[in-house]
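These notes concern the structure reproduced below.
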């Protein structure tokens with residue numbers, strides 16, 4: 001696997017006493033010297049944002065793929081299949097004349113006591129009266 005220069009090694013030089021990133025960290029002092037460099041590159045919440053993005057972009061699709069087909073116990077000829085899932089950008093729904101949707105920021109939601117949530121859409125196909133029906137952008141929920 002190729003290594004990517006993300007600038008982390010250069011940031012370590014003034015903080016980590018000339019040690020390399022791959023050198024073992026054996027003392028508390030070594031850990032505390034490394035902390036400012038880590039926070040400079042990653043920040044306090046970067047790992048949480050990366051984890052959320054990975055869930056939204058990859059893991060939620062894997063979950064749906066693992067549970068892709070739903071079969072009816074009542075009618076063996078009826079089934080529903082999820083073909084895709086996506087999480088859109090967080091947005092508010094303004095109930096104006098045209099019922100437009102607009103993006104919203106976390107700060108606006110805090111100030112207006114609103115929920116900061118993104119809509120989830122799925123593409124599905126199913127059988128009805130021996131015909132395959134395909135529907136795109138079906139709202140599934142919000143997260």
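Here the relative contact order of segment 67-142, from alpha carbon pairs under 8 Å that lie six or more residues apart, stands at 29 percent. Considering segment 67-142 at the alpha-carbon level, its Rg and Dmax are found to be 17.1, 51 Å. Taking the convex hull of the alpha carbon positions in segment 32-81 and averaging its projected area over all directions gives 5.1 nm².
Every read-out reported here was derived from the displayed coordinates using simple, explicitly stated rules and does not represent laboratory data. What you see is a predicted model, and the numbers here were worked out from it, not measured in a lab.
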